[in-house]
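Asker: Have a look at the structure that comes next, please.
The values are calculated or read from the model by the stated rules, or taken from the named source; none is laboratory data. The structure displayed is predicted, hence computed values, not measured ones. Here the Cβ positions follow ideal geometry from the backbone for every residue, glycine too, while neighbour counts run over all protein chains shown.
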């Protein structure tokens, strides 16, 4: 299969699909009528709907209330100016963002607890009359009184002033502001009647802050970079638009303004929808699927709930393959194919009920089964995923019933998946099981969102556990999305499973694979690509890489072949020039034993054999200690890198590395 043509988005316009959302003309606005009493139609009711909240299963209820009790014993996080300023002083952004995240999580837990218990007291009742409600109110006020909701690296206004503090009079609408606006909107919705009795005036304060920090900036500034007016819509688009939608529906009483805000949200979401590939592939990787595509699906659910069938666009064809993407990238357990900024072990706090609901809606048993399998690996509701997501999971009885039903097996693990738009291949020995070898490979380009320099890289998993690996996302700093991004070693091509033919891969969309083809047959699957374009111009005439999974036969076990054939450009550094050797990199997880012409990688009782022609390469093994907490969460305290230094040109005969289970 050759290079694919860009996909037309003409058939995927929300504005076209949602007939009643045109610009309002003279007379009554049809959208005003559609959204009247929208709050009453939402699947999440307020705290007074006791039959809904009292029906939450005992295990989920107990788990959340235990978490809330533990939270009450802890001191509330304090957001400080010095932590916020660290982004500008030493590049550390996590000092503030982690504290802000803990405050949001505390607020979420206490709102959930107050909703589940249904506790309430009058304004003049003594302290202790409604402990969860009072603590939730305190947390909400702490968020309202913070100088900013923006995360410091995003605040371009502060940066342009040359200051290290935010200006409350000029808020920047970013992901942090979106998170808090959504949290406050859903807290107001679900706890509103009890807040009015216990803390009169709090809801007015919450509305004021969301209006000043989110809704007014959203209305007045219509060229926010994340809208994607230039065609570069990314995960910020649905993340922010989804929060604005919730705030418009839940906090805005002016009916005409509410309709105007919703119309702008639909217009903005169209920019994101327009760039979604029709094969459902997400170049930002599976972790960011939840914060991009997943946010879009949630926004569409909310639109449909609020406006009924006229505002329901969930039958567009792209949503079928889009909902499959996480399951297509699944290896086993919490291991996933992790291209770009994604951990190899997916963060546990994902709203799996969202995929379950879409699997039900689309009648896709694989999407549904994958969501249930991952949902069973932990609590049914994950507060760290956010209040809106937790409430949606709590109020779905089908989700809770399905979690206790017998598992359906690994029906989502297909024998092979090829996503031509993002040029990612995942191939297994057999469908429906992680047993045996799995090969994942990517071509692509080095201008992908959250990109690493990894054109032509690959993963090898054994029984679902990756052993030839992608390191994944390190902890973000102030330089993670600037000109110094590729100074971080886990992002460089030298720490990916790609060639180094005298130079590293270069960043940018022009540094891409070419002539990308796949072969999918009953006996195997392969990706072939020309990689020369990923390197500096004039270095290579050609570098052909083939990555192949060969399934077992009666005479041969299953194995993986990595074949490289290359020709240097005339006069360029290459294998004939010893000062610029050709290196083949292999990043490995586990214990590695090195011998002549072979390496053995072992981890968790599994063993992978890697072999090559020792007459044509010199092997070197090194270990990299890991001190980054995100990397350690996936790999432990270290990774290994096997480097093969080629000793002779390979213009005709390919150099081959073979991998198979070690017996």
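Asker: Checking residue 253 against (1) free of Cβ contacts under 8 Å to residues at least 24 places away in the same chain; (2) assigned to a helix (DSSP H, G or I): exactly one of these is not met. Which one?
Answerer: Failed condition: (2).
Asker: Just to verify a result, which residue in region 195-209, among those that are touching a helix residue (DSSP H, G or I) at 6+ places or on another chain (Cβ under 6 Å), in contact (Cβ under 8 Å) with a residue 40 or more places away in the chain and part of a helix (DSSP H, G or I), is surrounded by the fewest Cβ atoms within 10 Å (Cβ to Cβ)? Explain how you work it out, then say what you get.
Answerer: Quick first cut of region 195-209, residues touching a helix residue (DSSP H, G or I) at 6+ places or on another chain (Cβ under 6 Å) only: 195, 198-199, 202-203, 205-207, 209.
Applying the additional criterion that residues be in contact (Cβ under 8 Å) with a residue 40 or more places away in the chain yields 195, 198-199, 202, 205-207, 209.
Adding the requirement that they be part of a helix (DSSP H, G or I) leaves 195, 198, 202, 205-207, 209.
Numbers: 195: 24, 198: 23, 202: 20, 205: 15, 206: 24, 207: 19, 209: 21.
Here the answer is 205.
Asker: Across region 622-663, which residue is nearest to the chain's Cα centre (by Cα) among those that are closer than 14 Å to residue 611 by Cβ and in a loop (DSSP other than H, G, I, E, B)? Steps first, answer last, please.
Answerer: Keep residues of region 622-663 that are closer than 14 Å to residue 611 by Cβ, which gives 642, 644, 655-663.
In the following step, the residues that additionally are in a loop (DSSP other than H, G, I, E, B) were identified as 662-663.
On the way: 662: 34, 663: 36 Å.
Per the stated criteria, the residue is 662.
Asker: Taking residue 634, is it out of contact with any helix residue (DSSP H, G or I) (no Cβ under 6 Å at 6 or more places or on another chain), at pLDDT 95 or above and surrounded by 14 or more Cβ atoms within 10 Å (Cβ to Cβ)? If you could, list the steps in order and put the result at the bottom.
Answerer: On the way: out of contact with any helix residue (DSSP H, G or I) (no Cβ under 6 Å at 6 or more places or on another chain): yes; at pLDDT 95 or above: yes; surrounded by 14 or more Cβ atoms within 10 Å (Cβ to Cβ): yes.
Yes, satisfied.
Asker: What are the residues in region 101-123 that are buried (at least 23 other Cβ atoms within 10 Å of the Cβ) and more than 19 Å from residue 73 (Cβ to Cβ), if any?
Answerer: 115
Asker: Being under 30 Å from residue 434 (Cβ atoms) and modelled with pLDDT of 95 or more is the requirement here; does residue 585 meet it?
Answerer: Values: under 30 Å from residue 434 (Cβ atoms): yes; modelled with pLDDT of 95 or more: yes.
Yes; evaluated as a whole, the condition is true for this residue.
Asker: What is the number of the single condition among (1) in contact with a helix residue (DSSP H, G or I) (Cβ under 9 Å, 6 or more places away or on another chain); (2) surrounded by fewer than 16 Cβ atoms within 10 Å (Cβ to Cβ) that residue 51 does not meet?
Answerer: (1)
Asker: Being under 22 Å from residue 389 (Cα atoms) and either within 23 Å of the chain's Cα centre (by Cα) or free of Cβ contacts under 8 Å to residues at least 12 places away in the same chain (or both) is true for just one of 99, 144. Which residue is that? Before you say what the answer is, go through the steps one by one.
Answerer: Values: 144 fails: either within 23 Å of the chain's Cα centre (by Cα) or free of Cβ contacts under 8 Å to residues at least 12 places away in the same chain (or both).
Checking each option against the conditions leaves just 99.
Asker: Name the one entry in 452, 445, 370 that is within 30 Å of residue 55 (Cα to Cα) and either in contact with a helix residue (DSSP H, G or I) (Cβ under 9 Å, 6 or more places away or on another chain) or surrounded by fewer than 21 Cβ atoms within 10 Å (Cβ to Cβ) (or both).
Answerer: Working: 452 fails: within 30 Å of residue 55 (Cα to Cα); 445 fails: within 30 Å of residue 55 (Cα to Cα).
Answer to the selection: 370.
Asker: List the helices (runs of 4 or more DSSP H) inside region 29-109, counting only whole elements, that have at least 2 residues being under 30 Å from residue 258 (Cα atoms). Walk me through how you get there before you give the answer.
Answerer: Details: elements: 30-35, 38-41, 50-54, 58-72, 81-89.
It comes to 30-35, 38-41, 50-54.
Results for (1) in the same structural domain as residue 92 (by TED's automatic domain parsing); (2) under 27 Å from the mean Cα position of the chain (by Cα); (3) surrounded by 22 or more Cβ atoms within 10 Å (Cβ to Cβ), shown as yes or no for each residue.
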| residue | (1), (2), (3) |
| --- | --- |
| 149 | yes, yes, yes |
| 158 | yes, no, yes |
| 162 | yes, no, no |
| 165 | yes, no, no |
| 211 | yes, no, no |
| 216 | yes, no, no |
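Asker: Quick one: which residue in 464, 502, 472 is touching a residue at least 24 places away in the same chain (Cβ under 8 Å) and under 22 Å from residue 532 (Cα atoms)? Don't jump to the end; show me each part of the working.
Answerer: On the way: 464 fails: under 22 Å from residue 532 (Cα atoms); 472 fails: under 22 Å from residue 532 (Cα atoms).
Unique residue meeting the criteria: 502.
Asker: Criterion first (assigned to a helix (DSSP H, G or I) and either surrounded by fewer than 24 Cβ atoms within 10 Å (Cβ to Cβ) or without any contact (Cβ under 8 Å) to a residue 60 or more places away in the chain (or both)) does residue 191 satisfy it? Working first, answer last.
Answerer: On the way: assigned to a helix (DSSP H, G or I): yes; either surrounded by fewer than 24 Cβ atoms within 10 Å (Cβ to Cβ) or without any contact (Cβ under 8 Å) to a residue 60 or more places away in the chain (or both): no.
It is false that residue 191 is assigned to a helix (DSSP H, G or I) and either surrounded by fewer than 24 Cβ atoms within 10 Å (Cβ to Cβ) or without any contact (Cβ under 8 Å) to a residue 60 or more places away in the chain (or both).
For (1) in a helix (DSSP H, G or I); (2) more than 17 Å from residue 332 (Cβ to Cβ); (3) touching a strand residue (DSSP E or B) at 6+ places or on another chain (Cβ under 9 Å), each residue gets a yes or a no:
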| residue | (1), (2), (3) |
| --- | --- |
| 342 | no, no, yes |
| 347 | no, no, no |
| 357 | yes, yes, no |
| 363 | no, yes, no |
| 370 | yes, no, yes |
| 384 | yes, yes, no |
| 390 | yes, yes, no |
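Asker: I'd like the residue in region 416-448 that is assigned to a loop (DSSP other than H, G, I, E, B) and more than 22 Å from residue 532 (Cα to Cα) and, out of all such residues, is nearest to the chain's Cα centre (by Cα).
Answerer: The initial filter retains those residues of region 416-448 that are assigned to a loop (DSSP other than H, G, I, E, B), namely 420-423, 429-436, 443-444, 447-448.
Adding the requirement that they be more than 22 Å from residue 532 (Cα to Cα) leaves 429-436.
Working: 429: 27, 430: 27, 431: 25, 432: 24, 433: 24, 434: 22, 435: 26, 436: 27 Å.
Filtering first and then ranking leaves 434.
Asker: Determine, yes or no, whether residue 263 is over 24 Å from residue 168 (Cβ atoms) and either in contact (Cβ under 8 Å) with a residue 24 or more places away in the chain or outside the structural domain of residue 445 (by TED's automatic domain parsing) (or both).
Answerer: Numbers: over 24 Å from residue 168 (Cβ atoms): yes; either in contact (Cβ under 8 Å) with a residue 24 or more places away in the chain or outside the structural domain of residue 445 (by TED's automatic domain parsing) (or both): yes.
Yes; evaluated as a whole, the condition is true for this residue.
Asker: Something else about it: Just checking, which of 490, 509 is closer than 24 Å to residue 639 by Cβ and at pLDDT 95 or above? If you could, list the steps in order and put the result at the bottom.
Answerer: Values: 509 fails: closer than 24 Å to residue 639 by Cβ.
Of the residues listed, the single one that is closer than 24 Å to residue 639 by Cβ and at pLDDT 95 or above is 490.
Asker: Have a look at 546, 589 and point out the one that is in contact with a helix residue (DSSP H, G or I) (Cβ under 7 Å, 6 or more places away or on another chain) and over 30 Å from residue 483 (Cβ atoms).
Answerer: On the way: 546 fails: in contact with a helix residue (DSSP H, G or I) (Cβ under 7 Å, 6 or more places away or on another chain).
Among 546, 589, only 589 is in contact with a helix residue (DSSP H, G or I) (Cβ under 7 Å, 6 or more places away or on another chain) and over 30 Å from residue 483 (Cβ atoms).
Asker: Let me ask something additional. With over 30 Å from residue 455 (Cα atoms) and crowded, with 20+ Cβ neighbours inside 10 Å as the only criterion, which of 300, 322, 269, 264 stands out? Before the answer, list the steps.
Answerer: Working: 322 fails: over 30 Å from residue 455 (Cα atoms); 269 fails: over 30 Å from residue 455 (Cα atoms); 264 fails: crowded, with 20+ Cβ neighbours inside 10 Å.
Criteria check complete, one pass: 300.
Asker: Scan region 321-340 and give yes if some residue there is without any contact (Cβ under 8 Å) to a residue 40 or more places away in the chain and out of contact with any helix residue (DSSP H, G or I) (no Cβ under 9 Å at 6 or more places or on another chain), otherwise no.
Answerer: As a first pass, look at region 321-340 and keep what is without any contact (Cβ under 8 Å) to a residue 40 or more places away in the chain: none.
No, region 321-340 has no match at all.
Asker: On to the next question. Return yes or no: is residue 310 out of contact with any helix residue (DSSP H, G or I) (no Cβ under 9 Å at 6 or more places or on another chain), farther than 19 Å from residue 226 by Cα, surrounded by fewer than 21 Cβ atoms within 10 Å (Cβ to Cβ) and at pLDDT below 95?
Answerer: Numbers: out of contact with any helix residue (DSSP H, G or I) (no Cβ under 9 Å at 6 or more places or on another chain): no; farther than 19 Å from residue 226 by Cα: yes; surrounded by fewer than 21 Cβ atoms within 10 Å (Cβ to Cβ): yes; at pLDDT below 95: yes.
For residue 310, the condition - out of contact with any helix residue (DSSP H, G or I) (no Cβ under 9 Å at 6 or more places or on another chain), farther than 19 Å from residue 226 by Cα, surrounded by fewer than 21 Cβ atoms within 10 Å (Cβ to Cβ) and at pLDDT below 95 - is not met.
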